Amino acid sequence: MRPLRWIAIGGGALVALVVVAALLAYAAIDMDAIRRYVEAEVGRITGRQMAVRSLEVDLWPRLAVVANDVSLSNPNGASRPELVRARVAKGAVALLPLVRSREVVVESLELDGVDVALEMLPEGRGNWVLEPSGGGSTPSTGREDPNRAGAPIRLGGSVVIVDAKLTWRPQGGGETAVGIPRLEIAPATEGRYAWKGTLDADGVRWAIDATTGDPMVYARDRMPLDLDIRVAGGGVTSTVKGRVERRGSGPAIVADASLGWSEGSEWLARRAPRLAANEGRLAARVDAGERKATLDGIAGNVARSRFDGTLEVDARGKIPRLSGRMHADLIDLSAVRGAPSTPGEATPTPVADTARPLSPLTKLDADVDFVIDRLALPNAFEATALRGRVVINGGKLDVDPIGLDFGGGKITGRIQANASTDRARVVIDGRGIELARAAPGLQVGKYLSGGAMTIAVDLQGPASSGAAFLGGASGRIATETGPMRLRGIALDAGGSAMTRIFDAVNPFRRVDPSTDIQCAVVRLSVREGVAHADRTIAAETSRLTASASGTIDLARQTLDLVVRPRARKISGVPAVELADVIRVTGPIAKPSFRLDTLGAAKAAATVGGALATGGWSLLASPLLNATEDKSPCATARAGGKAQSGSLGSAAPAPSDVLAPLRGLFRK
């Protein structure tokens, strides 16, 4: 047992010697000198001032340096003195390289309470752009180790960041904050580093899984930093694969980037609900640096929509400029629906927006061409060959020209908006449009033929929203449809206001197998969101004519019209007594009707008698007064002014158009 006893005593003495040696080494270390050295080296690398309140040394479980209240200064003009600050930075440093060659080999680094504030400086440069100082460098002899060309600091272990915060403030903009509960950077294979952790941003927790090159080599030697990053959260996944490199006055990135989202994405639903309703993906080749970014090879799809193109953002001038060209094989809007609302419900009066809705036009200039091969619209309508040009300059938007093929015809237009007035103008001109060809999916041609249409719209109004534009618009709306024939089920396909009005005023529709519409004319004068008609809505068929006066509220989507139907005098065919007047009111999508019940009853009885006898010979209704307007379409085209000789007596003034009906409708 004596040998074992001596071994135990010897071992204890050795341990005591090691502890004493460590204590002596610790006592010999000048912590203040190390603090000054680290501050100087970091300052030389970054060109910024580093401050450390105090340094401590931990001996267990290994030698580590603990820095308290660490900060790295911001350049002049920043919103706060520090670019980076941290409560505690604890680094395990390899002792032998430090003693032998004064090289700092970080075996592990833990950062607690890091706060990084990134921002654009008044001169347009990022506060993160570092300018190393050359004062502490040693001239190269050409025989030095390239791995030690810069500061003698290298990362040999993992870095853990806990409870960190990253903020971003663009020039003249608000602050965006990102929380970092935990992020770990650890050596991987082939000199690469693995990044894993989580971020809290926009109310969503994001997971990071990435690999990069050695970040210390990039910072020290200005070598390119390879990137392979994946960030996922809230139903969205983003990937970046490429490199960061030094270019001119700062860093630049060249990478393939993609953004994909699942149907119902939580994050996207709060920003673009319509996009979030369908799965989608966007990818591009990104080349960004020196305040200029190019997105080349853009390719994306959302549901059935597919698009591609190239864009460039140049922020080197006073105002960023966007330019490029976008193309889409298909843009599918067939499933787009507006927000549900109660029919006829008043749209709230727009409240003045102190932020001014068009103010973004003053912060960006643009010149972008676009082409859409096929545009799928709601209710099976389709347009093709949509093309245009978007120009923003000096706070003014001009989308001109706009052109597309629709229903066998052509539609051209122009959209203008001005940030200084917060108003917009929309001009549309369409010719040769046939409804039978506008919705090929419905095979409307089986039930409708002819009917070439012209459209002319010129409206100006407030541009805070689409509803506000309609609610305050002034200008004109005009449409005209040429001869067409409706057959079979087309007579019962009512849903539009015009079809429902014909159902009410035309008792022949249940008798004749088809209806020949010779013309339909609409001329509306719009003032502050209300369209006015004074005998400027008219239609003529082979058996009757009808004209209308009243108002259409574009904001409420309601109408209040008086329709005057008249049967035509046809040789050899007895006429029918129609309702004298019909009041059409309510939502445009589903109007209601009130009419002269006596005239309606006589009309129904007359048609019923004709059906019972199998011919028109039993009809015994009086002929229409020959002094009535024989061509209401011509009157509507003339702005409600009857053509010479078409009327036997003057029509009532617009303000009196409803007066004769108040007793009839008990209003």
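The values are calculated or read from the model by the stated rules, or taken from the named source; none is laboratory data. Just so you know, these numbers come straight off a predicted model, no measurement behind them. Cβ placement follows ideal geometry from the backbone for every residue including glycine, while neighbour counts extend to all protein chains displayed. Note: areas computed on protein heavy atoms with side chains; ligands, DNA, RNA excluded. Shrake-Rupley method; radii C 1.70, N 1.55, O 1.52, S 1.80 Å.
Just one of the numbered conditions (1) over 30 Å from Gly280 (Cβ atoms); (2) part of a strand (DSSP E or B) is not true of Val217; which one? Going through (1) over 30 Å from Gly280 (Cβ atoms); (2) part of a strand (DSSP E or B) one by one, Val217 breaks only (2).
Considering each residue of the range 298-316 in turn, at least one proves to be within 30 Å of Gly126 (Cβ to Cβ) and under 15 Å from the mean Cα position of the chain (by Cα).
Taking the numbered list (1) modelled with pLDDT under 85; (2) within 24 Å of Leu459 (Cα to Cα); (3) of a type in the set (A, V, I, L, M) in turn, Leu544 passes all entries but (2).
In the range 71-96, the residues that are of a type in the set (A, V, I, L, M, F, W, C) reach residues that are outside any strand (DSSP E or B) and surrounded by fewer than 18 Cβ atoms within 10 Å (Cβ to Cβ) with C-beta atoms within less than 6 angstrom, at least six apart or across chains, in these pairs: Ala86/Gly113; Ala92/Arg62. Consider Ala303 carefully, then state whether it is under 24 Å from Pro170 (Cβ atoms) and among the hydrophobic types (A, V, I, L, M, F, W, C). No; evaluated as a whole, the condition is false for this residue. Screening the range 288-302 for residues that are out of contact with any Gly (no Cβ under 7 Å at 6 or more places or on another chain) and of a type in the set (A, V, I, L, M) and picking the one that is farthest from Ala255 (Cα to Cα) gives Ala299. Residues in the range 526-563 that are in contact (Cβ under 8 Å) with a residue 40 or more places away in the chain, closer than 26 Å to Leu486 by Cα and either open to solvent by 30 Å² or more (accessible area, probe 1.4 Å) or charged (D, E, K, R) (or both): Arg535, Glu540. Restricting attention to the range 409-435, the residues being open to solvent by 50 Å² or more (accessible area, probe 1.4 Å) and either without any contact (Cβ under 8 Å) to a residue 12 or more places away in the chain or not in a strand (DSSP E or B) (or both) number 3.
Filtered by the rule that a residue be at pLDDT 80 or above and either over 34 Å from the mean Cα position of the chain (by Cα) or of a type in the set (Gly, Ala, Ser) (or both), the range 427-437 gives Gly430, Gly432. Among the residues in the range 228-245, are any modelled with pLDDT under 95 and farther than 23 Å from Trp195 by Cα? No, because not a single residue in the range 228-245 is modelled with pLDDT under 95 and farther than 23 Å from Trp195 by Cα. Given the structure, is Pro224 farther than 17 Å from Arg281 by Cβ, of a type outside the set (Lys, Arg) and touching a helix residue (DSSP H, G or I) at 6+ places or on another chain (Cβ under 9 Å)? Yes: the conditions hold for Pro224.
Evaluated against (1) charged (D, E, K, R); (2) without any contact (Cβ under 8 Å) to a residue 40 or more places away in the chain; (3) open to solvent by less than 50 Å² (accessible area, probe 1.4 Å), Asp214 falls short on exactly one condition, (2). Would you be able to say whether some residue in the range 189-196 is of a type in the set (Val, Ile, Thr), modelled with pLDDT under 95 and either in contact with a strand residue (DSSP E or B) (Cβ under 7 Å, 6 or more places away or on another chain) or part of a strand (DSSP E or B) (or both)? No, because not a single residue in the range 189-196 is of a type in the set (Val, Ile, Thr), modelled with pLDDT under 95 and either in contact with a strand residue (DSSP E or B) (Cβ under 7 Å, 6 or more places away or on another chain) or part of a strand (DSSP E or B) (or both). Annotation: Arg387 fulfils all but one of (1) touching a residue at least 60 places away in the same chain (Cβ under 8 Å); (2) open to solvent by 50 Å² or more (accessible area, probe 1.4 Å); (3) in contact with an Asp or Glu (Cβ under 9 Å, 6 or more places away or on another chain); the unmet one is (1).
When the range 270-317 is examined, which residues are found to be in contact with a Lys or Arg (Cβ under 9 Å, 6 or more places away or on another chain) and of a type in the set (Ser, Thr, Tyr)? Those that are in contact with a Lys or Arg (Cβ under 9 Å, 6 or more places away or on another chain) and of a type in the set (Ser, Thr, Tyr): Thr294, Thr310.
For the range 399-406, the criterion of being open to solvent by less than 70 Å² (accessible area, probe 1.4 Å), more than 26 Å from Phe307 (Cβ to Cβ) and in contact with a strand residue (DSSP E or B) (Cβ under 7 Å, 6 or more places away or on another chain) is met by no residue.
In this structure, does Leu275 turn out to be buried (at least 18 other Cβ atoms within 10 Å of the Cβ), under 26 Å from the mean Cα position of the chain (by Cα) and not in a strand (DSSP E or B)? So Leu275 does not fit the description; no.
The number of residues in the range 278-322 that are part of a strand (DSSP E or B) and surrounded by 15 or more Cβ atoms within 10 Å (Cβ to Cβ) comes to 29.
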